[in-house]
Structures are given as C-alpha cells and as structure tokens.
Amino acid sequence: MLPSAAMTVSAAASAAASPPLPSVTLAGVRLHAIDEAQCIAHVLRELAAGRGGVVVTANLDHVRRLQQPGPFRDVYAAADVVTVDGMPVVWACRIQGTPVKGRVAGSDLMRSLPAAAAAAGRSVYLLGGDPGAGEAAAAALRAASPALRIAGVECPPFGFEKDAAYTTALRARLQAAAPDVVFVALGSPKQEFVIRDLRMALPAAWWLGVGISFSFVAGDVQRAPRWLQRLGLEWLHRLVQEPRRLARRYLVDGLPFAVALFARAAWARVRGAGRRP
C-alpha cells in the first residue's frame, strides 16, 4: 500500500463515527428523517473522515418497487443515506405519525452538493445523462461555483454496463480522476446497480443517483415550478413533458400505489408502527 493510502486508511479508522441519522420506516423501507442541509453536512463530514458512501433518494416509484424482494431492495439495504424524494412519501410519513423534515430530492442535491463541495475544496464527477448534458451541466455548475473542481464528465454508450472491457476502462478512469463525489445520471434502477458495481473503485467517494438531473441543470429539460413541487404535482409536470415514457409509471403504477400507501400508513399509525430509534 502506498504511504498516502495508508495514511488515509489510518485517518479513517481513527476518525470518530458520525452520529446516526434519525430514521423512520414506511412500508418496510428505511428512510432518514433529515433535510437537505443535514444530508450535505453528513456527506462532507464523512468525506473529511475518509469514509465514502451511497445516497439513494426514495421517491414513490422506488418505494413501490421496494415492496418486492430482489437486487433493488438489496441496493437500498446497503445504502448509507436514504432520503425522502417525493411529496407522496412525505405525506405518507405524516399520515403514519412519523413525519420527516421534507423532501431531499436528487435533483436538488445536484445543485446544492456541488456548491458545498466547492466551498470545501472537494471535486465531483458527472457520469451518465444524455449526450452533451454532462458537459453542459458541468459548465452551469462551474458558473454557479467557480471554485468547483470537475474531476471528469462521461456519457457512456447504451448498454455499457454489459460490456466488461468498457466497464474496466471506466473503473480505471474513475480511479485516476479520484473524485470526492460521483453523480450518476442513468435513470433508476440502472444507476443504482451501476453504483453498486463501481463504488469499490472509489471506496472513499460518495455516490448519488440523480436520474434526469444533468438535463435539469443544463437547462435542456425544465423542472416543475416550486409551487407545483410543494403541491406534490411535479410528476404531472413531468408527465406533460414525456407522456409516452411516464404514463404507465405515474398513472398505472403510481396513483394506485399512492392510495394503498396512504391507507397502509394510516393503519400503521393506529398500530403505532413506523418509528425507529
């Protein structure tokens, strides 16, 4: 082991563990009851201690898919931070009697975490997105935070995760770039599985799956206004933009599951379930 690497491992081992994040359980899914500032502070604190990790953002669709056993559930079980991304999930927690502080969306962290990373002298890597979106997002992030170090930008070809040679080369590029934070914009669940497969290439980095967020930051896709987000109607704004791709997810799968989730949350409140230490 190189001396610098040994020093990093030693520092991480000696660093005091961060206090546990408060959490609740909704429909069997662990959720951290934190706000955006707490999430960012936790990531930066862990980076300073030499520890990496994974943030996953639990929206309604994720919670729905997590009701079935499988590799996606395993990814969530292994995640270090599970934020609440989506007003229906926030509402269900309230109905259950285990309120959280609000949404911590990946698309919000895509802007706030790089700004905080710049202030802390940390670097970020943008992996995925539509062709050109990563570069445009990097330019926008630099414009907002001139001190931000972009360690790399890469838009892998479709199906790259099945190409062993490409994945090996990507892993080497990530290791050479040595970013502190890696944003992966490949859509769910693909991005979560890619993070699972690549994260040990950079065990001291923090990894976040952020879906379409590169296009939001780049301005290629318009995000819903804040008032729609607060009303829990961001999904409707997205549906209008991409009806063919999102109709099944939101209308066929999402709405019935939301109703069932609210009913389950109400029953859990009656039983006094959901709260975790």
- Query: Among Ser123, Ser18, Ser107, whose mean-square fluctuation peaks in a Gaussian network model of the chain (Cα, cutoff 10 Å)?
  - Reply: Ser18
- What residues have an amide H closer than 5 Å to that of Gly129, excluding those fewer than 5 places away on the same chain, when H is modeled at 1.01 Å from N in the peptide plane? Ala185, Leu186
- Antiparallel content of DSSP bridges confined to the chain, in %, to 5: 20
- Item | For Trp207, distant residues with modelled amide H under 5 Å away | Gly53, Val54, Val55, Val182
- So for the chain, taking the charge dipole from beta-carbon charges (+1 Lys/Arg, -1 Asp/Glu), which of Leu60, Pro99, Leu109 sits furthest toward the positive end? Pro99
- Task: Convert each backbone phi in segment 255-268 into a coupling constant with the Karplus relation 6.51 cos²θ - 1.76 cosθ + 1.60 (shift: θ = phi - 60°), then list the ³J(HN,Hα) values in order as whole Hz, x for Gly and Pro.
- Result: 4, x, 5, 4, 4, 5, 5, 4, 5, 5, 5, 5, 5, 5
- Which of Ala201, Ala33, Ala120 moves the most in a Gaussian network model of the chain with Cα springs under 10 Å? Ala120
- Message: Run lengths n ≥ 4 of DSSP H only: what is the helix-derived mean residue ellipticity at 222 nm for the chain, with -39500 (n - 2.57) per run over all residues, to the nearest 500?
- Response: -14500 deg cm²/dmol
- Query: Quick one: accessible area per residue over the chain, 1.4 Å probe, rounded to a whole number of Å²?
  - Reply: 47
- Choice from Leu109, Leu126, Leu251 showing the highest fluctuation, given a GNM over the chain with Cα pairs closer than 10 Å: Leu251
- Query: Can you pull the percent of segment 121-277's accessible area that's carbon plus sulfur, 1.4 Å probe, other chains left in place?
  - Reply: 60
- Query: Arg226: net charge of surrounding residues, Cβ under 12 Å, Lys/Arg +1, Asp/Glu -1, itself excluded?
  - Reply: +1
- Message: For segment 1-158, give me the percentage of DSSP beta bridges that are antiparallel, rounded to the nearest 5 percent.
- Response: 30
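The values are calculated or read from the model by the stated rules, or taken from the named source; none is laboratory data. If you're wondering where the values come from, they're calculated on a predicted model, not measured in any experiment. Reconstructed Cβ throughout: ideal geometry from the backbone, glycine too, with neighbour counts over all protein chains shown. Note: accessible area is taken over every heavy atom of the protein model, side chains too, but ligands, DNA and RNA are not part of it. Shrake-Rupley method; radii C 1.70, N 1.55, O 1.52, S 1.80 Å.
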